[in-house]
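Novice: Here it is, the structure, as structure tokens.
The values are calculated or read from the model by the stated rules, or taken from the named source; none is laboratory data. Source: prediction; values computed, not measured. Don't worry about glycine lacking a Cβ; one is built from the backbone with ideal geometry, like all the others, and counts go over all protein chains shown. When the accessible area is computed, the model is the full protein with side chains, heavy atoms only, and any ligands, DNA or RNA have been set aside. Shrake-Rupley method; radii C 1.70, N 1.55, O 1.52, S 1.80 Å.
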Amino acid sequence: YYGMWDKAIEQLSRHLTMPTALWKSERCASMRFISRSYSGQNRLKEAEEWALKACAEVPTEREPWFELAKVYYHQNNWHGLYYATKNALEIVERPSSYICEPSAWNWEVYDFASLGAWNLGLKKEAVELSAKACEMYSSDLRLQNNHKLMSDAVEP
């Protein structure tokens, strides 16, 4: 949170080597934070690798898929973004643990999904996803503008 990326990577990596680090959700969170730290350094290949490790650690939680989606967005990898967000959206049971991150459960995942769909030419799906993002965060002007732009381009 303070931009001390190298120290964060060092400590989180140390956590993963501890013999007591057995809870997969917590391990997954450390991997996500390592990914985020690499993203903070604009080292997107390493960020992608750690986000993929997080997805492999706990593929049944939405948070690692959303972390991976953010990396793919910054890489302009629309196929990856679409795939990661669709995997995230398939997970509908929100965990009650402290590791659950609200951003993986709010409008942001729909926004990213709409951008992935749009850039892959899945225009109607992009409109539906952007509508959901707008529904969840109706006061955001960028979301409203994107939705209008997409809707106007799809409708005859």
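Novice: Within segment 24-79, which residues are closer than 22 Å to Ser114 by Cβ, acidic (Asp, Glu) and touching a residue at least 40 places away in the same chain (Cβ under 8 Å)?
Specialist: Within segment 24-79, just Glu63 meets the criteria.
Novice: Another one. May I ask you to list the residues in segment 86-141 that are among the aromatic types (Phe, Trp, Tyr) and either open to solvent by 70 Å² or more (accessible area, probe 1.4 Å) or assigned to a loop (DSSP other than H, G, I, E, B) (or both)?
Specialist: Looking only at segment 86-141, we keep the residues that are among the aromatic types (Phe, Trp, Tyr), and these are 98, 105, 107, 110, 112, 118, 137.
Once the filter is applied, which keeps residues that are among the aromatic types (Phe, Trp, Tyr) and either open to solvent by 70 Å² or more (accessible area, probe 1.4 Å) or assigned to a loop (DSSP other than H, G, I, E, B) (or both), segment 86-141 yields Tyr98, Tyr137.
Novice: Which of the residues spanning segment 34-52 are assigned to a helix (DSSP H, G or I) and either surrounded by fewer than 19 Cβ atoms within 10 Å (Cβ to Cβ) or modelled with pLDDT under 95 (or both)?
Specialist: Within segment 34-52, Gly40, Leu44, Lys45, Glu46, Glu49, Leu52 meet the criteria.
Novice: From the list Thr60, Thr20, which residue is part of a loop (DSSP other than H, G, I, E, B), closer than 25 Å to Glu125 by Cα, out of contact with any Ser or Thr (no Cβ under 7 Å at 6 or more places or on another chain) and among the polar types (S, T, N, Q)? Please lay out each step first, then the result.
Specialist: On the way: Thr20 fails: closer than 25 Å to Glu125 by Cα.
Within the list Thr60, Thr20, the selection yields Thr60.
Novice: Output the residue which, of all residues in segment 1-22 that are aliphatic (A, V, I, L, M) and either exposed (fewer than 12 other Cβ atoms within 10 Å of the Cβ) or on the phi > 0 side of the Ramachandran plot (or both), is modelled with the lowest pLDDT.
Specialist: Leu22
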